[in-house]
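Working notes, structure below.
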Amino acid sequence: MVLPLVAFAAPRDFAPLDAAIVELHRFDWIIFTSAQAVRAVVKRTEELKRSLIHIGSKLRIASVGPVTAEAARQAGLPVEYVAETHTGAALAEELGNKLCGEKVFLPRSDRANPDLPRTLKRHGAKVTEVIAYRTLRPSDVEQRNLGQIAEGAADAVLFFSPSAVQHFAELFGGEQLRALQDKLAIAAVGPVTAKALRKAGVGCTVVAGDTTAAAVVEALEEYFAGTLKQAPAGAKRA
């Protein structure tokens, strides 16, 4: 069952994003923290009839993870660095001294975690952070599907972002979300989403080590294999 809990919209004011795109030649790095950030920047660049990468450009591109890197490559952008640990703060730590004195363009969601720009600045980067898109709760979430989850229609619920956690709690109810952990596996894709679940009062039972589909499948396989081993002889898992 797929239950979309996150929608995207253009920024309310394009001026900061447009100014950064027009002045791209001033930057040393673009750091992308999501595939949506890639899509938003590429789309706006095309609308402005500009180019992200020029011949002889000094601009380097870093990505928070392989999914975001693939989105950049699909858009024709050369990715120089992909974080080993798929969080923004980890990416900044991994780049470390390479950032000292460098001008960094950071296009992000209006609800992005503040850890990344803070860490970039601590390493001496000069950061231009702009809202490239807004993250919203969809207006047409299927309430029937929420009810089915509560009634046991799923063995696991996978959350792919902190925004999805927040929106699920708003729609489903915080207490009901916490109660779910006694009925099924609640999984977080990556440490940032796991932190959001803990903040919502959920003792997250499954955490995928990174943000790839393979890591999610592996974490769930390990969880359910362990559950079956722990079950009493003759018992059946619901």
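With both residues required to sit in the chain, DSSP beta bridges show an antiparallel share near 10%. Counting lysine pairs in the chain that sit 8 or more residues apart in sequence, or on different chains, and whose Cα atoms lie under 19 Å apart gives 9.
To make sure I understand, if each residue's beta carbon is the centre and we count other beta carbons within 10 Å, what order do ARG111, ARG60 fall in, fewest to most?
Working: ARG111 15, ARG60 18.
In increasing order of surrounding Cβ atoms, one gets ARG111, ARG60.
Using only the Cα atoms of the stretch 143-228, build the gyration tensor, take square roots of its eigenvalues as a ≥ b ≥ c, and label the shape rounded, prolate or oblate: rounded if a/c is under 1.5, else prolate if a/b is larger than b/c, else oblate. Here the stretch 143-228 falls in the oblate category.
Kindly provide the helix-only [θ] at 222 nm of the chain, computed as the sum of -39,500 (n - 2.57) over DSSP H runs of four or more divided by all residues, to the nearest 500 deg cm²/dmol?
Details: 10 runs with 99 residues, N = 238.
Per the formula, -12000 deg cm²/dmol.
If I stretch the segment between LYS126 and ARG178 completely, what's the gain in nm (0.36 nm per residue apart, minus their alpha carbon distance), one decimal?
Numbers: separation 52, 0.36 × 52 = 18.72 nm, distance 4.07 nm.
Full extension from LYS126 to ARG178 adds 14.6 nm.
Taking a point 7 angstrom from the Cα of GLU218 along the C-beta vector, which residues in the stretch 43-69 have backbone N less than 19 Å away? Counting backbone N atoms under 19 Å from the label point, the list is 64-69.
Could you give the DSSP H helices of the chain that reach 24 angstrom or more along their long axis (alpha carbon positions) and whose average Kyte-Doolittle hydropathy is no lower than 0.0? Answer set is 213-230. Under the criterion of Cα pairs below 8 Å and six or more residues apart, the relative contact order for the chain equals 19 percent.
All of the numbers you see were taken from the coordinates with simple rules; none came from a lab. Everything numeric in this text was worked out from a predicted model, so none of it was measured. Glycine also receives a Cβ, built like all others from the backbone with ideal geometry; neighbour counts cover every protein chain displayed.
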